[in-house]
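Student: Below is a structure I'd like to ask you about.
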Amino acid sequence: CASRCNEKFNRDAACQCDRRCSRHGDCCEDYEHLCTAKEEPEAFLELEEEAPDNSLYSAPSSCQGRCREAFDKHHPCHCNDRCQEFGNCCQDFESLCGDHEGFSHSRDAITKEELQSISEKIYKADTNKAQKEDIVLNSQNRISPSETGDQVDRCPEPLFTYVNEQLFSKPTYAAFINLLNNYQRATGHGEHFNAQQLAEQGVFLREIMKTAVMQELFSFLHHQNRYGSEQEFVDDLKNMWFGLYSRGNEEADSSGFEHVFSGEIKKGKVTGFHNWIRFYLQEKEGLVDYYSHNYDGPWDSYPDVLAMQFNWDGYYKEVGSAFIGSSPEFEFALYSLCFIARPGKVCQLSLGGYPLAIQTYPWDKTTYGNGKKHIATAYVVSSTH
């Protein structure tokens, strides 16, 4: 099983090294020694400057999106459960955090159980996802988290052996792909959209709202008193995902959509870039070189989750987690759900009976509407808790 641990079942191999081989009794002799002793805890964190730090995020003086967050000595005021005890709460703590999850009426709070229930509904509703035969994945070498910074290419072959590109003619996929070439990946260079590019954002939102996935999400959030109408919901999605802000200098050079789905370069590193379609298209063009992975999710159908190391046209990504085989609306729905329900926190979901956690962060330097925040980032952090 040397360099084969957790590979997919291979009918041509004399013995197997996949997760189910012990159940089927066809493991290689060294499976136990090589693949179970070194099994890492099934959790991984992004090792990049996506988490709030002083270079990216101003120290917030409000509890907007911060209720019950962990104490951070760098913040001028606090929103945790004990701030009243220490007399260091932000001024709006009482109004925003007096009840659960920052909503003044406990009936509006979204519980962990409700998040797990709606995520299962969204998972079942994703009829546009890839089927098993649509993607042949060649994940090759799995490394330990301690090796993710090595920048060593341990996989001679591409990650994607085959993708059925007929998927990309589905309306939501086509609309999504049209958005990917609208961005400059280097932060510090302003993004300027022409009329066609702005129209493409509208087309994407219209197409995904026709799907059962996004209708499930809207119905849930409407029931939770978050949105009064579908139009209000779509307008908010447009602002939170596509609204521009500055990660670099003064110019508006970034957005949640660009960061999460298209990817950016900041300080000589790849940041964001959490989408399998983008990865496949860039790999096909020879711009992405897949190095290794340090995590493969427990799902035996799509969508699955992979945490990868790769080089993007000269820049390295140390840990890039991505759903594999999901529809664009599925990812958009889960990230939006977690940003709305658990901004700045780990959001515990359930997909096909397996737990999955997503981390989101709001962009704290600028707001839209009545103090609402854009998405800074959203990504899968773990699938077991």
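Student: How about region 352-367: which of its residues are surrounded by 15 or more Cβ atoms within 10 Å (Cβ to Cβ), hydroxyl-bearing (Ser, Thr, Tyr) and closer than 14 Å to residue 242 by Cα?
Tutor: 367 - this is the single residue of region 352-367 that is surrounded by 15 or more Cβ atoms within 10 Å (Cβ to Cβ), hydroxyl-bearing (Ser, Thr, Tyr) and closer than 14 Å to residue 242 by Cα.
Student: Tell me which helices (runs of 4 or more DSSP H) are completely within region 78-171 and hold 1 or more residues being modelled with pLDDT under 95 and open to solvent by less than 60 Å² (accessible area, probe 1.4 Å), or say none if there are none.
Tutor: Fully inside region 78-171 and qualifying: 83-86, 93-97.
Student: Same structure again: Answer yes if at least one residue in region 329-346 is assigned to a strand (DSSP E or B), open to solvent by less than 10 Å² (accessible area, probe 1.4 Å) and in contact with a Ser or Thr (Cβ under 6 Å, 6 or more places away or on another chain), and no otherwise.
Tutor: Scanning region 329-346 turns up no residue that is assigned to a strand (DSSP E or B), open to solvent by less than 10 Å² (accessible area, probe 1.4 Å) and in contact with a Ser or Thr (Cβ under 6 Å, 6 or more places away or on another chain).
Student: Against the conditions (1) of a type outside the set (A, V, I, L, M); (2) over 21 Å from residue 329 (Cβ atoms); (3) open to solvent by less than 10 Å² (accessible area, probe 1.4 Å), where does residue 257 fall short? Just the number, please.
Tutor: Status for residue 257: all satisfied but (2).
Student: Report yes if residue 328 is in contact with a helix residue (DSSP H, G or I) (Cβ under 9 Å, 6 or more places away or on another chain), within 25 Å of residue 6 (Cα to Cα) and at pLDDT 90 or above, otherwise no.
Tutor: no
Student: A further question on this structure: Just give me the residues in region 172-181 being open to solvent by 40 Å² or more (accessible area, probe 1.4 Å) and of a type in the set (S, T, N, Q), in sequence order.
Tutor: Hits for region 172-181 are 178, 181.
Student: Can you name every residue in region 311-328 that is open to solvent by 30 Å² or more (accessible area, probe 1.4 Å), outside any loop (DSSP other than H, G, I, E, B) and not aromatic (Phe, Trp, Tyr)?
Tutor: The answer is 311, 318.
Student: On to the next question. Residue check, residue 215 against (1) farther than 14 Å from residue 340 by Cβ; (2) touching an Asp or Glu at 6+ places or on another chain (Cβ under 7 Å); (3) open to solvent by 40 Å² or more (accessible area, probe 1.4 Å); (4) not small (Gly, Ala, Ser), all met but one. Which one?
Tutor: (2)
Student: Oh, and also: Which residue pairs have Cβ atoms closer than 7 Å, lie 6 or more positions apart in sequence or on different chains, and pair a first residue in region 1-24 that is basic (Lys, Arg) with a second residue that is in a loop (DSSP other than H, G, I, E, B)?
Tutor: 4/17; 8/18; 19/6
Student: Then there is this: Please determine whether any residue of region 245-256 is under 30 Å from residue 118 (Cα atoms) and either at pLDDT 95 or above or not small (Gly, Ala, Ser) (or both).
Tutor: Among the residues of region 245-256, not one is under 30 Å from residue 118 (Cα atoms) and either at pLDDT 95 or above or not small (Gly, Ala, Ser) (or both), which makes the answer no.
The values are calculated or read from the model by the stated rules, or taken from the named source; none is laboratory data. All of these numbers come straight from a predicted model, not from anything done at the bench. Here the Cβ is made from the backbone with ideal geometry for all residues, glycine too, and neighbour counts use every protein chain on show. SASA here: full protein model, heavy atoms, side chains in, ligands and nucleic acids out. Shrake-Rupley method; radii C 1.70, N 1.55, O 1.52, S 1.80 Å.
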